[in-house]
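Comments concern the structure below.
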Amino acid sequence: MTKLNLSVAVGPYDRTRALIDGSVQIDGVNPSCMTLSPEEIFFRAFRHAEFDICELSLSSFTVKTAQGGGPYVGVPAFVSRAFRHTSIYVRTDRIKKPEDLKGKRVGVPEYQLTANVWARAILQDDYGVKPSDIQWVRGGIEDADRPEKISIKLPPDVKLEDAPAGKSISAMLAEGTIDAFIAPRPPSLPKNTPNVGWLFADPVAAAKDYYKRTGVFPIMHIVGVRRTLAEQHPWLPGAVFKAFDQSKAKALELLSDTSATKVTLPFIEERLAEAKSLMGEDFWSYGIEPARKTLESFFKHHHSQGLSARLVTPEEMFHPGTHEAFKI
């Protein structure tokens, strides 16, 4: 069989490294790999469908699925997951606890970003702060005038305005014209900017408590395969899932080898043991069934926040060839 020459765009993570360096192959594919930032991949994928296989925003893909589909089919390889308690920054001189956000102005780079969906879910479920309780201000983290990458229609009780021309939400947070900031990246601030910090003083403790109560490890990004390719080659999404899963397994194998740490950070062995103790051996699971609770929680909040026109299901989000795998 002649291999398909396909473009692959993903972030440079340990769990994608084996795919990038070729030590794990996608069956039937000769890949041309690009390592790009999520912002660039998502913009190019959702605006112009430039890649054959790529990392995708869970939120943006959910919007497209609820609307009837887009240029990609989903693969449940969750290449980015994160507890988003670290995503909420506040003016510490006026916000002392989550409930203080009611009636306040909160900056976001895009309203529909996956990290922001999860942060709003935390605020609503655990602290009673609904999206309609906040005045949302949209602007770039660093670059002013950043648009939503896909069109959205919010409920009438949700108030969203654009940041003033030429103003980033980082600058607005520093000067105090917004009260808080929610984004996947920290605000870009001058060194020693006063009165700005995390909403949760100990976000790790808050995240562990959240997981113990909910069993949810938030998913940020999935993998997409160009729909026309999946229609022509129905084996392709399953092959992509298999390869991404094998690549992640290699990363975890290396991470567990403590003869020489693979990450330029102390205490990795201890953090790995903590994660396994809290979340089990398969703490970063791929596939629908292990992640069903997390996926269904996300879809519920995505719909209730007005971002998806209807409630979607895990099965319709991902190609049928990825719903189950063979066993020996």
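The values are calculated or read from the model by the stated rules, or taken from the named source; none is laboratory data. All of these numbers come straight from a predicted model, not from anything done at the bench. We place every Cβ from the backbone using ideal geometry, glycine too, and count neighbours over all the protein chains shown.
Quick look at the values:
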{"item": "Options 44, 94: the member that is at pLDDT 95 or above and assigned by TED's automatic domain parsing to the domain that holds residue 198", "result": "94"}
{"item": "Answer from 281, 289 - the residue that is among the acidic types (Asp, Glu) and within 16 Å of residue 219 (Cα to Cα)", "result": "289"}
{"item": "Residue satisfying all of: in segment 87-114; under 22 Å from the mean Cα position of the chain (by Cα) and of a type in the set (Ser, Thr, Tyr); surrounded by the most Cβ atoms within 10 Å (Cβ to Cβ) among these", "result": "114"}
{"item": "Residues (part of a helix (DSSP H, G or I) and either free of Cβ contacts under 8 Å to residues at least 40 places away in the same chain or hydroxyl-bearing (Ser, Thr, Tyr) (or both)) located in segment 95-114", "result": "99, 100, 114"}
{"item": "Those residues of segment 115-142 which are surrounded by 22 or more Cβ atoms within 10 Å (Cβ to Cβ), in contact (Cβ under 8 Å) with a residue 60 or more places away in the chain and not hydrophobic (A, V, I, L, M, F, W, C), in sequence order", "result": "116, 120, 131"}
{"item": "Residue satisfying condition, being surrounded by 14 or more Cβ atoms within 10 Å (Cβ to Cβ), at negative phi, in contact (Cβ under 8 Å) with a residue 60 or more places away in the chain and assigned to a strand (DSSP E or B), within set 225, 216", "result": "225"}
{"item": "Count - residues of segment 187-213 that are part of a strand (DSSP E or B) and either over 12 Å from residue 90 (Cα atoms) or among the β-branched types (Val, Ile, Thr) (or both)", "result": "1"}
{"item": "Qualifying residue in segment 143-155 (condition: buried (at least 18 other Cβ atoms within 10 Å of the Cβ), assigned to a helix (DSSP H, G or I) and not aromatic (Phe, Trp, Tyr))", "result": "no"}
{"item": "Subset tally (residues that are in a loop (DSSP other than H, G, I, E, B), under 19 Å from the mean Cα position of the chain (by Cα) and β-branched (Val, Ile, Thr)) for segment 115-142", "result": "1"}
{"item": "Residues (surrounded by 18 or more Cβ atoms within 10 Å (Cβ to Cβ) and farther than 21 Å from residue 94 by Cα) located in segment 159-186", "result": "167, 184"}
{"item": "Which listed residue, of 75, 24, is in a loop (DSSP other than H, G, I, E, B) and surrounded by 17 or more Cβ atoms within 10 Å (Cβ to Cβ)", "result": "24"}
{"item": "Check on residue 46, assigned to a helix (DSSP H, G or I) and in contact (Cβ under 8 Å) with a residue 60 or more places away in the chain", "result": "yes"}
{"item": "Filter result for residue 31 (assigned to a loop (DSSP other than H, G, I, E, B) and in contact with a strand residue (DSSP E or B) (Cβ under 7 Å, 6 or more places away or on another chain))", "result": "no"}
{"item": "Residues within segment 252-289 that are over 19 Å from residue 13 (Cβ atoms) and in contact (Cβ under 8 Å) with a residue 60 or more places away in the chain, tallied", "result": "2"}
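For (1) more than 28 Å from residue 281 (Cα to Cα); (2) charged (D, E, K, R); (3) in contact with a helix residue (DSSP H, G or I) (Cβ under 6 Å, 6 or more places away or on another chain), each residue gets a yes or a no:
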residue: 172; (1), (2), (3): yes, no, no
residue: 184; (1), (2), (3): no, no, yes
residue: 190; (1), (2), (3): yes, no, no
residue: 199; (1), (2), (3): yes, no, no
residue: 205; (1), (2), (3): no, no, no
residue: 226; (1), (2), (3): yes, yes, no
